[in-house]
Structures are given as C-alpha cells and as structure tokens.
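> Here it is, the structure in full.
Nothing in this text is a laboratory measurement; each read-out follows from the coordinates by a stated rule. What you see is a predicted model, and the numbers here were worked out from it, not measured in a lab. Using ideal geometry, Cβ is built from the backbone for each residue, glycine included, and neighbour counts are taken over all protein chains shown.
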C-alpha cells in the first residue's frame, strides 16, 4: 500500500474538516505524534484504529486504504485491490520472519563449526586466530541480517494502548527480548513495556 498517498489523504481530509492533528488524536485517544506519523507516510493506522479514524473523517475504510475518495462505480474493484494488498503484505511479513529464523539457524551452525574446527584441529596459531575472527564476523553479520528481517516482518503491539508500530533499528537492537516480545517504548502512548511481535496485521 502507498503509505505516502494514504498519509496525504488523511491530512487533506482532516484539514478540510478544520480539525488539528491534536484534536483528531484527542478524539481517538491517541497521541498527536501518531497522527503526524500517519500523515507523513511513516506508517499506517493499525486495524483497531481504522474504523474510528474513518468515523472521525467521515470516509470509508476503502477510501482510507486507497488514499482517495472512491467513486461508487469503482468501489468493488478498489475493495478487492485493497484486500489483495493486505494479503500480499501479510505474506511478505511471514516470508521475512521465516528468512530471519533460517538466518539465525545458519549463523549458529556456521559459528559453531568454525569454533570447533579452530579448537580441535591441529593448525598454526595464526590460522586459529583467523578462524575465530571469522566466527565473530559471521555471527555479527548473521545476527544483524536476522534482526533487520525480523524488525521488518510485521509490527510490535504496545501492551498498554495496543498501538502497532515498527521500532527504529536502534530501539530494536537495544531492547532486550524473549522469543515473541521485545522491550520497547510505544511512539503512541510513550510507555515502555514488553511489546508482542505480530506478523499479521
């Protein structure tokens, strides 16, 4: 979906109704930073906020996802396109999550193999050092690639306000985590907690 186009549409409709970002945010019980993020094309409203947003702006979900007012004659076609876009996005997120897991497994196997070889096979010290350094490099690259893929696979859900968001790479790396949750600060409510990773929107 075209986040820039959708964001511009939200801003255009909001302004045409003569309401500020703060007023819209207050009516929806979210932060004005969230509204600003949508309007700058930095993210889409999560599913739980789409209907309330559409009610406030007096548009349909189809209008919102299309990024423009949909003519009655085109409504069915646009609805089908938007549905296919959501399905495609969810499939891409699943692929990224699977690739991230594969990347972690391959990294673990490669690093363990290099460490075992350097520890148990007779070789010059210089070669042993090179293998250990190679193991460190492989682990950094592998974990980094897995982190990038996982961060982009879906969204994280705030445990306090249920807002869905994608953290910056810096926040993602700094946040300690379990298998399904990561310690992050929600950009909507500003609270910090263990945010659940959701692959499907």
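> Only Cα pairs under 8 Å and at least 6 apart count here; give the relative contact order of the range 155-198 as a rounded whole percent.
Values: 73 pairs, mean separation 19.6, N = 44.
Reported relative contact order: 45 percent.
> How much length would be gained if the chain were fully extended between residue 60 and residue 129, taking 0.36 nm per residue of separation minus their Cα-Cα distance, in nm to one decimal?
Values: separation 69, 0.36 × 69 = 24.84 nm, distance 6.27 nm.
Fully extending the segment from residue 60 to residue 129 adds 18.6 nm.
> Over the range 92-152, calculate the relative contact order: mean separation of alpha carbon pairs under 8 Å at least 6 apart, over the residue count, as a percent.
Values: 46 pairs, mean separation 33.8, N = 61.
Reported as a whole number, the value is 55 percent.
> Still on this structure, please answer the following. Only counting other Cβ atoms within 10 Å, I'd like 197, 155 sorted with the fewest neighbours first. Don't jump to the answer; show the numbers that get you there.
Details: 197 18, 155 23.
Fewest to most other Cβ atoms nearby, the residues stand as 197, 155.
> Which whole-number percent gives the relative contact order of the chain, counting Cα pairs below 8 Å spaced six or more residues apart? Spell out each step's value before the answer.
On the way: 255 pairs, mean separation 38.6, N = 201.
Once normalised by length, the contact order is 19 percent.
> Let me ask something additional. Dimensions of the range 95-162 along principal axes (Cα, Å, largest first)?
For the range 95-162, the Cα extents along the three principal axes come out at 57, 21, 14 Å.
> Suppose the chain between residue 101 and residue 192 were pulled fully straight at 0.36 nm per residue; how much longer would it get relative to their current alpha carbon spacing? Please report the intermediate quantities before stating the final value.
Numbers: separation 91, 0.36 × 91 = 32.76 nm, distance 2.60 nm.
Difference between extended and current length: 30.2 nm.
> Assuming a ≥ b ≥ c are the square roots of the Cα gyration tensor eigenvalues, decide whether the range 5-103 counts as rounded (a/c under 1.5), prolate (otherwise, with a/b larger than b/c) or oblate.
Details: a/c = 2.61, a/b = 1.36, b/c = 1.91.
Since a/c reaches 1.5 but b/c is at least a/b, the shape of the range 5-103 is classed as oblate.
> Divide by every residue of the chain the summed helix terms, -39500 (n - 2.57) for each DSSP H run of at least 4, and state the resulting mean residue ellipticity at 222 nm, rounded to the nearest 500 deg cm²/dmol. Write down the numbers at each step before the final one.
Details: 8 runs with 127 residues, N = 201.
Calculated at 222 nm, the ellipticity per residue is -21000 deg cm²/dmol.
> In terms of the Cα gyration tensor, with a ≥ b ≥ c the square roots of its eigenvalues, is the range 115-201 rounded because a/c is under 1.5, prolate because a/b exceeds b/c, or oblate?
Working: a/c = 3.83, a/b = 3.51, b/c = 1.09.
Since a/c reaches 1.5 and a/b is larger than b/c, the shape of the range 115-201 is classed as prolate.
> Let a ≥ b ≥ c be the square roots of the eigenvalues of the Cα gyration tensor of the range 46-201; is it rounded (a/c under 1.5), or, if not, prolate (a/b larger than b/c) or oblate? Spell out each step's value before the answer.
Working: a/c = 4.49, a/b = 2.38, b/c = 1.88.
Taking the square roots of the gyration eigenvalues as a ≥ b ≥ c, the range 46-201 is prolate.
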